[in-house]
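Colleague: Encoded as structure tokens, here's the structure I'll be asking about.
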Amino acid sequence: WWLLSLLFPFFSAMCDSSSSSSSCCSSGGCGSRSAPSGGCCSSSSASKKGCCRSSKAAPNDDAPPPLVTVFEEPSGPSLSGPEQTKEFIETYQGCPSQTEAAGKSAQCAGCPGRLLCSSQSQEPPDQKNLNTRMSAIKHKILILSGKGGVGKSTVAIQLATSLAQSGKAVGLLDVDLCGPSIPLLLNLEGSQVVSSAYGWIPPKAPNFPNLKVMSSSFLLADRTTPVIYRGPRKQTLIRQFLKDTFWGKLDYLIVDTPPGTSDEHIAVLNALKAVNPDGAVIVTTPQDLAKITVQKEIKFCQKMNPP
């Protein structure tokens, strides 16, 4: 009995192996050495057990599908590099994000930014008051440059003072919120903005009583106080400068912008869209680095479509 008890596990394992082999193969049994495609006999472990010794298993339409689905590569050449970039650009050509149909057009269906565009395409509640204020100004001109230090603020001051000398009523708005330089160049540092029932009363430039100037520098304690604003606060302050400043009736409003193509520029153009700004003056210097950067500003103007 002790000998049978030692041999019993060995015979039991042989029986289990035989039953598993016969169950995984086709109806012909292991003696036919054939198995359905996609079954256990297709694996290397099954072939080692002696279930399927042939290199090709016999097909069987009644066999269950494989448990693991293999995704094949798509047919046709794949795009990469410049071709992929071109396809990406062409996909988004004609996007109505900068129009009144943003988020509402049929082209926006399925776009993840549809709700954001839809909310931004709505007219701000203060737009009518801003349009009323700007309608009293005949000409509105933006001074732009993609590069800093090219003399943009100097050009803005020269243009504003030249128009003021000719007898025109001029306003000069400095929307370079983080680095205002107009007050320093016009010797207006330390001037205060007076709040009245008609809005903010802007300071006037020395020797130019018909030149009104507005800048974030007038709202700071001193010249070393930083302006740490995110995009939405920048846009809100710029709209306040346009809407809440008592500009009165002006012949020209010159808007000096910071370098780049970001929040300040978008805020000004969107605010003035309904009152038709006259155009933009793009300032650059002959250096290659400045010319490369100013090309971005030109393309920005082409996209935003100021005159």
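The values are calculated or read from the model by the stated rules, or taken from the named source; none is laboratory data. It should be emphasised that the depicted structure is a prediction, and the values quoted were computed from it without experimental measurement. Positions of Cβ are backbone-derived with ideal geometry, glycine not excepted, and every protein chain shown enters the neighbour counts. SASA here: full protein model, heavy atoms, side chains in, ligands and nucleic acids out. Shrake-Rupley method; radii C 1.70, N 1.55, O 1.52, S 1.80 Å.
Colleague: Can you list residues from other chains, or at least 5 along the same chain, whose modelled amide H is less than 5 Å from the amide H of residue 169?
Modeller: 251, 252
Colleague: Taking a ≥ b ≥ c as the square roots of the Cα gyration tensor eigenvalues, with a/c under 1.5 meaning rounded and otherwise prolate when a/b beats b/c, else oblate, which class fits the range 175-287?
Modeller: rounded
Colleague: Using a 7 Å offset from the Cα along the Cα-to-Cβ direction at both residue 128 and residue 246, what is the distance between the two label points in nm, to one decimal?
Modeller: About 2.4 nm separates the two model spin labels.
Colleague: What order do 133, 223 take when sorted by accessible area (1.4 Å probe), most exposed first?
Modeller: Descending accessible area places them as 223, 133.
Colleague: Hey, quick one: spin label on residue 278, modelled 7 Å out along Cα-Cβ, who in the range 207-243 has an amide N within reach, i.e. under 16 Å?
Modeller: 211-212
Colleague: Past the 26 Å Cα-Cα mark, which pairs from 140/234; 138/273; 249/303; 138/204; 152/299; 152/273?
Modeller: 249/303
Colleague: Can I ask one more? Using 0.36 nm per residue of separation minus the Cα-Cα distance, give me the extension gain between residue 288 and residue 118 in nm, one decimal.
Modeller: So the extension gain works out to 57.2 nm.
Colleague: In nm, to one decimal, how far is the residue 236 label point from the residue 187 one, both placed 7 Å along Cα→Cβ?
Modeller: 3.7 nm
Colleague: Rounded to the nearest 10 Å², what accessible area does residue 189 show when all protein chains are kept and the probe is 1.4 Å?
Modeller: 80 Å²
Colleague: Using a Förster distance of 25 Å, how high is the FRET efficiency between residue 304 and residue 222, based on the Cβ-Cβ distance and rounded to 0.05?
Modeller: Efficiency for this residue pair is about 0.10.
Colleague: Compute the label zone of residue 138 within the range 256-296: residues whose backbone N is under 16 Å from the point 7 Å along Cα-to-Cβ.
Modeller: Answer for the range 256-296: 277-279.
Colleague: Given a 1.4 Å probe and heavy atoms of the protein chains only, how would you sort 198, 229, 252, largest accessible area at the top?
Modeller: 198, 229, 252
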